[in-house]
Amino acid sequence: MVNRECGVFFSTYAADMRLFPLPLTRWTMVGIAGLGFVVFPLVASDYFLNIANLVCIAAVGAIGLNLLVGYTGQISVGHGAFIAAGAYAGALVVTRAGLPFWIALPFGGLMAAVVGAFFGIPSLRIKGLYLAIATLAAQFIIEWLIIHIEWISGGAESTVTVPKAAIGPWVLDTLLEQYFLNLIVLSLAIVFAMNLVRSPIGRAFIAIRDRDVAAEVIGVNLFRYKLLAFAVSSFYAGVTGILYALYLGAANYEQFDIATSIDFLAMIIIGGLGSILGSVFGAFFITVLPMALRVAVDGAVTAALFLFPAANISHVVQSMTAVKLILFGGLIIVFLIVEPEGLNKLWRNIKDYFRVWPYSY
Amino acid sequence: MNDRTRGRAGGGCMTDQADGRPFLKVEGVSKSFGGVRALSEIELEVNRGEIRAIIGPNGAGKTTLINLISRVYPPDRGRITFAGRDITRVPTHRIASVGIGRTFQNVALFRGMTVLDNLMLGRHPLMRPGIFSSGIYWGLAQKKEVEHRARVEWIIDFLEITHIRKTLVAALPLGLQKRVELGRALAGEPTLLLLDEPMAGMNVEEKEDMVRFIFDINEELDKTIVLIEHDMGVVMDISQRVSALDFGVKIAEGTPDEVRANPAVIEAYLGTAAQQASR
């Protein structure tokens, strides 16, 4: 629908190299932005605003991880830890130094970038599964540091309470206000990432993924660009961490454990590696699916109780948590079998179908 | 191809030797992998503007030599100088800015990118991208991208690949992939081109095209070319001088006719090929 090139001609390279070269695509983007910024906030209840907030926050981190894994071809299983690094750095800046959140956001991102670049150093020597294990170490080392250094964790609970974001006297404490904050940050993150991947830096990332030896001979400094990929990716992770801390009102290491790292990897794999849009799809999928399953399963139980009030199904009700997890895993497998290249590929297929519609022969 | 190209090659362009120093000089270079002696005490001098062929049977060390010159790995011993500069210890990613471009035996294009992006990446050594200007893009980065794009488009025109510029390279046939790889090497504006079997796996027509491009690059763009090739007909036609390797040792060097007549070469390698050529 949004990429019908027919009849569109360019007379300058600049026009050909625009982010969205086709007028139709640009109008579609304006429409999507309108939906997100105007229509959705007007109609959505708090329940859906909460979901939207969580999706926005997760999407930022997923885009960052995709820059590293999908574009540069370096694996990180320590992303939960980089998120934690950003969350704690941002939280401490807000609580100890009393700085506003809009300073804490880039600061936490930068701290995470430094940490990420440091733990990315092994990528200069090792690839693939070996690198995965090396970054897994980051997960445990950072978690340990946060728990055991009281200056960071602030005591036994390892929780730093964060006040709500505020611009001057205006405190963003409703879900709606936080939704706008998160959506704006997500929009900036998307635009920055899309620009980055079409720039010389993005091309260098992809070159490293596709053929690292050839890339080096051509003039790509592997050392610099691999670390840059880790730094940019971790910056995104750090921003995600602070957004979580601001939204949930606290930074706690338990939110950012190994399961978080796996969740984010699942997001980009299901969304589509090497795709910004896919990262957003994946963040949506992984965030919403458990909630949808909960609604569906709880609904089924309620219905069963209503239909068979006499039946003793308490043991069934107890096992419903496991059923949700099984369904969650099963659906992911089904999705990957149906479309191994992720949700973004599904979206591309739809676009390609309509590209020459209705004369698609 | 034969008569025409031979005439051009014979009348060649060994012009620019004013200072008498070779453009590329390899001195006493050796390389071993584990216990295998891939190259021993190799000497090679290539003049500016020359088309030099390196021949030899499989495993003779030809690709190793190219890899050493392009700094994929360092030599165990010896010295490599290029344009009066010692490049033996230059970091690999700097070799393109030194002025050496290359192609690979088994096409090493970036498969997930379009032809255009592959060539744009070839210009990477000429770019100085900053993280913020890249992420913000509009303004400075865009202006530079457009400038680089104009240069890349010239090469796309030159190599007659305009129709595939937005195609993913993974979708192209081998002949075109080799041509795109040549374009990517050219995009970095090298003065020396190392071509590792530029015609492997091509049909006659594609080979003729490639020979024509190599001549044009040599004469019009004034590039010095070192190429490895197995097709003896092509080697004899296009190169001014030929160096023959066998088991990591240089066994002969000279004009194509001299090398073809050299008994050591005939014994090592050309025995069958020379008969084929005369057939």
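Quick note: the coordinates plus some simple rules give every number you see, no bench work behind them. The structure presented is a predicted model; accordingly, all values stated were derived computationally and were not measured. Neighbour counts are summed over all protein chains in view; Cβ atoms, including those assigned to glycine, are modelled from backbone coordinates with ideal geometry.
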Check your understanding: How are the C-alpha pair distances of the range B:44-141 spread across 5 Å bins, as whole percents from the shortest bin up?
Key -> 2, 9, 16, 19, 19, 14, 10, 5, 4, 2, 0
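Give the shape of the range A:125-248 as rounded, prolate or oblate, defined through the alpha-carbon gyration tensor: a ≥ b ≥ c are the square roots of its eigenvalues, a/c under 1.5 means rounded, and otherwise the shape is prolate if a/b is larger than b/c and oblate if not. Intermediate values should be presented prior to the final figure.
Working: a/c = 3.60, a/b = 1.47, b/c = 2.45.
Because a/c hits 1.5 or more and a/b fails to exceed b/c, the range A:125-248 counts as oblate.
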Revision key, fill the gap. Net charge (Lys, Arg +1; Asp, Glu -1) of residues whose beta-carbon lies under 11 Å from that of A:Ala81, A:Ala81 excluded, is -2
Exercise for review: Report Rg(Cα)/(2.2 N^0.38 Å) for the range A:28-122, keeping two decimals.
Suggested key: 1.32
Exercise for review: Return the whole-Å distance between the Cα centroid of the range B:52-84 and the Cα centroid of the range A:281-354.
Suggested key: 59
Review point. Normalised by the residues of chain A, what does the relative contact order come to in percent, with Cα pairs under 8 Å and at least six apart?
Key: 29
Point to revise | Most mobile of B:Gly188, B:Gly130, B:Gly49 in a GNM of chain B (Cα contacts under 10 Å) | key: B:Gly130
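How would you classify the range A:45-355 from its alpha-carbon gyration tensor, with a ≥ b ≥ c the square roots of the eigenvalues: rounded for a/c under 1.5, else prolate if a/b is greater than b/c, otherwise oblate? Mind dumping the intermediate values first?
On the way: a/c = 1.65, a/b = 1.21, b/c = 1.37.
Oblate, because a/c is 1.5 or more while a/b does not exceed b/c.
With the cut-off at 1.5 for a/c, could you classify the range A:4-57 from its C-alpha gyration tensor as rounded, prolate or oblate?
The shape class here is prolate.
Less than 14 Å Cβ to Cβ from B:Arg123, Lys/Arg counted +1 and Asp/Glu -1: what total charge do the surrounding residues give?
Working: positive: A:Arg203, B:Arg128, B:Lys144, B:Arg149, B:Arg151, B:Arg184; negative: B:Asp117, B:Glu145, B:Glu147, B:Glu153, B:Glu189.
Net of charged neighbours comes to +1.
Using Cα pairs under 8 angstrom and six or more residues apart, how large is the relative contact order of the range A:26-114, in percent? Don't jump to the answer; show the numbers that get you there.
On the way: 37 pairs, mean separation 16.7, N = 89.
Taking the mean separation of contacting Cα pairs over the length of the range A:26-114, I get 19 percent.
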Check your understanding: Plugging the Kirkwood radius over Cα pairs into Stokes-Einstein for chain B, at a temperature of 37 °C and a viscosity of 0.692 mPa s, what D comes out in µm²/s?
Key -> 168
Revision key, fill the gap. So for R0 = 51 Å, FRET eff. of A:Ile333-A:Val213 from the Cβ-Cβ r, to 0.05, ends up at 0.90
Check your understanding: Roughly what would the spin-label model give for A:Arg26 and B:Gln105, points 7 Å off Cα along C-beta, in nm?
Key -> 5.0
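Once R0 is set to 30 Å, what does the formula 1/(1 + (r/R0)^6) return for the Cβ-Cβ distance between A:Tyr47 and A:Val356, expressed as a FRET efficiency to the nearest 0.05? Spell out each step's value before the answer.
Values: r = 41 Å, r/R0 = 1.36.
Between A:Tyr47 and A:Val356 the formula returns 0.15.
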Review point. How much net charge surrounds B:Val46 when only the other residues with a Cβ under 10 Å from the Cβ of B:Val46 are counted, with Lys and Arg +1 and Asp and Glu -1?
Key: +2
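Please find the FRET efficiency linking B:Glu160 to B:Ser97, where r is the Cβ-Cβ separation and R0 is fixed at 30 Å, and quote it to the nearest 0.05.
Numbers: r = 28 Å, r/R0 = 0.92.
Using R0 = 30 Å, I get an efficiency of 0.60.
At 25 °C and 0.890 mPa s, what whole-number value in µm²/s does Stokes-Einstein give for the translational diffusion of the protein assembly as shown, with Rh from the Kirkwood sum over Cα pairs?
Values: Rh = 27.9 Å.
My calculation gives 88 µm²/s for D.
Provide the percentage of antiparallel DSSP beta bridges, counting only those with both residues in the range B:145-279; round to the nearest 5.
Values: 5 of 10 bridges.
Looking only at bridges with both residues in the range B:145-279, the antiparallel portion is about 50 percent.
Calculate, in nm to one decimal, what B:Arg85 and B:Leu221 gain on full extension: separation in residues at 0.36 nm each, minus their alpha carbon distance. All intermediate terms of the calculation are to be shown ahead of the outcome.
Details: separation 136, 0.36 × 136 = 48.96 nm, distance 2.21 nm.
Result for the pair: 46.8 nm of gain on full extension.
Report, for the protein assembly as shown, the % of DSSP beta bridges that are antiparallel, rounded to 5. Mind dumping the intermediate values first?
Working: 25 of 41 bridges.
Here the antiparallel bridges make up roughly 60 percent for the protein assembly as shown.
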Review point. In the range B:93-186, which GluC sites (Glu not before Pro) fall in coil by DSSP and have 14 or fewer other Cβ atoms within 10 Å?
Key: B:Glu160
Check your understanding: How many angstrom lie between the C-alpha centres of the range A:144-186 and the range A:64-109?
Key -> 12
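Count the DSSP beta bridges whose two residues both fall in the range B:2-278, then state the antiparallel fraction as a percent rounded to the nearest 5. Can you show the working numbers first?
Numbers: 20 of 36 bridges.
Counting only bridges with both partners in the range B:2-278, antiparallel ones make up about 55 percent.
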Practice item. Taking DSSP loops as anything outside H, G, I, E and B, show the longest stretch in chain A free of GluC sites (Glu not before Pro) there with at most 13 other beta carbons within 10 Å. Key: A:158-361
